[in-house]
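The values are calculated or read from the model by the stated rules, or taken from the named source; none is laboratory data. Nothing here was measured: the structure is a model prediction, and the numbers come from that model. Methodologically, a virtual Cβ is constructed for each residue, glycine included, from the backbone with ideal geometry; neighbour enumeration extends over all protein chains shown. Each accessible area value is taken on the protein alone, full model and side chains, heavy atoms only, with ligands, DNA and RNA left out. Shrake-Rupley method; radii C 1.70, N 1.55, O 1.52, S 1.80 Å.
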Amino acid sequence: MALRIAVMKERAPGENRVALTPETAKKFAALGATVAIEQGAGLGASITDDAYREAGAKVGTSADVISGADIVLGVQAPDPTQLTGAKPGAWVAATFDPFRNGELVAAYAAAGLEALSMEFMPRITRAQSMDVLSSQSNLAGYKAVLTAANTYGRAFPMMMTAAGTVQAAKVFVMGVGVAGLQAIATAKRLGAQVSATDVRSATREQIQSLGAKPIFVENVAGIEGEGSGGYATEMSEEYQKAQAELVSAHIAKQDIVITTALIPGRPAPRLISDGQIASMKPGSVIFDLAVAQGGNVEGSVPDQTVEKHGVKIVGYANTANHLAADASALFARNLYNFLSAFWDKETGRPVLDEEIGDAVRLTKDNKVVNSRLAG
Ligand code: NAD
């Protein structure tokens, strides 16, 4: 029997993305799988049911779709109670936010489902095309700059007009991972004067290669090169103090600040205090991309514009969701690249290896099995 892949409409409030597109439905069908999607699942990303039908997918109710499913794809993992009727031990490939969703992970184990957490994709070259954090962060970095530009009461590029010159905006990007790099590139394209900082010294060259100015703590050691998986760790008190001083001096001269700093499994590091906000010019804008992980900026609130000392602080709970069509297209391709890379032609289903399979698998045989969740 052909492997059955099922996709439900996302249930999380406001979630517009979808884990399958007509393009990936066709590709899964070409591998020999049957694909079913809940009616209306693509509407938030401007994909009609007919487009899925034309791509060869069945469109039905969630119960029809889930019935007999071997693999369920999702953007945000559904509650396991909604997966009744799927095959015992069915795989669910989605984001689980596993460090914060212990109960959900336990429920997956209890339900006998195999949860595959796309956030735990290892940062190795061959998994780059499977990495949803990268694909979504890239779009988020772009949207952060556009939103900041829209919130700002002035222009980004320098303009010489008959009525006089408009000064270029000064944009400072804090945290130069995938989102930060895209934020730098986007702000440059809009004509801003861009500077950026990170704790990883390897980012200095990346900042320069995008034509932006690196702002780094010089007298205290940061993180040389890339640590495990290229992620940052928490910095020493001495470093944090030096960073705060450097940032205070720099930030007062900026018009726009985009913060993107994250530490996996920890709350986002606090980079901007209320006192630093007060030092900025009225009319300045801060976009806090980490607002949903606790925030890099004191006082930021998800999905609200907070005004403090004349500075507007913005941040979305789910930034990629504001570009749902592209975010879905990339997310769906990440899932296809992941499953198809492991496709076993004889059995017509994917067989995961240790390096990637064990990294992403949270639950199996009624147990939580992931080493990152142990203890
Ligand atoms: P992230 O989202 O975990 O964090 C964003 C950035 O914030 C990082 O650059 C981090 O160093 C920085 N940061 C953390 N604490 C900070 C602080 N106190 N002050 C300033 N900056 C701080 O990072 P990311 O986007 O996931 O990228 C991390 C690295 O992993 C990058 O070098 C990226 O190129 C690499 N990466 C590799 C792969 C792959 O090989 N498959 C995939 C994705 C990312």
Using θ = phi - 60° and the Karplus relation 6.51 cos²θ - 1.76 cosθ + 1.60, list the HN-Hα couplings for the stretch 125-131 in order, rounded to whole Hz, with x at every Gly or Pro. 4, 6, 9, 4, 6, 9, 8
For Asp344 and Glu119, FRET efficiency with R0 = 22 Å and r from the beta-carbon atoms, rounded to 0.05? 0.30
Rg to Rh quotient for the stretch 310-370, alpha carbon positions, Kirkwood Rh: 1.20
Quick check on the stretch 166-257: take the gyration tensor over C-alpha atoms, sort the square-rooted eigenvalues as a ≥ b ≥ c, and tell me if it's rounded (a/c under 1.5), prolate or oblate. oblate
Amide H partners (placed H, <5 Å) of Lys213, local residues excluded: Val194, Ser195, Ala196
Taking the radius of gyration and the Kirkwood hydrodynamic radius from Cα positions alone, what is the Rg/Rh ratio for the stretch 1-98, to two decimal places? 0.93
Could you work out the relative contact order of the chain? I mean the mean sequence separation of Cα pairs under 8 Å and 6+ apart, divided by the number of residues, in percent. 18 percent
Of every Cα-Cα pair in the stretch 55-167, the percentage lying beyond 19 Å is 62 percent
Heavy-atom accessible surface of the chain: percent carbon and sulfur, 1.4 Å: 51 percent
Along the Cα-to-Cβ line of Thr48, 7 Å from the Cα, sits a label point; which residues in the stretch 4-22 have backbone N less than 18 Å from it? 21-22
Counting C-alpha atoms alone, how compact is the chain: give Rg to one decimal and Dmax as a whole number, in angstrom. 22.2, 72
Extension length gain for Thr305 and Thr161 (0.36 nm per residue less Cα distance), in nm, is 48.7 nm
State, as an integer percentage, the relative contact order of the stretch 171-308 based on alpha-carbon contacts under 8 Å between residues 6 or more apart. 22 percent
Packing-ranked peptide list from 108-119, 363-374, highest mean Cβ count within 10 angstrom first, is 108-119, 363-374
For the stretch 219-375, take the alpha-carbon Rg, divide it by the Kirkwood Rh, and send me Rg/Rh. 1.09
By per-residue mean of other Cβ atoms within 10 Å, what is the highest-first order of 160-168, 139-147? 139-147, 160-168
What list of ³J(HN,Hα) values in whole Hz, one per residue of the stretch 191-202 in order, does the Karplus curve 6.51 cos²θ - 1.76 cosθ + 1.60 (θ = phi - 60°) give from phi, with Gly and Pro shown as x? x, 7, 8, 10, 10, 7, 9, 7, 8, 8, 5, 4
Estimated vicinal HN-Hα couplings, Hz - the stretch 292-306 in sequence order (Karplus 6.51, -1.76, 1.60; Gly, Pro = x): 6, 9, x, x, 8, 10, 4, x, 6, 10, x, 6, 10, 9, 9
Just want to confirm a number: the relative contact order over the stretch 1-93, from Cα pairs under 8 angstrom separated by 6+ residues, in percent. 34 percent
Mind checking the alpha-carbon convex hull of the stretch 66-128 and giving the volume per residue in Å³? 82 Å³
Expressed per residue, the solvent accessible area of the stretch 288-375 in Å² (1.4 Å probe) is about 47 Å²
Give the peptides 286-293, 188-195 in descending order of average Cβ contacts within 10 Å, highest first. 286-293, 188-195
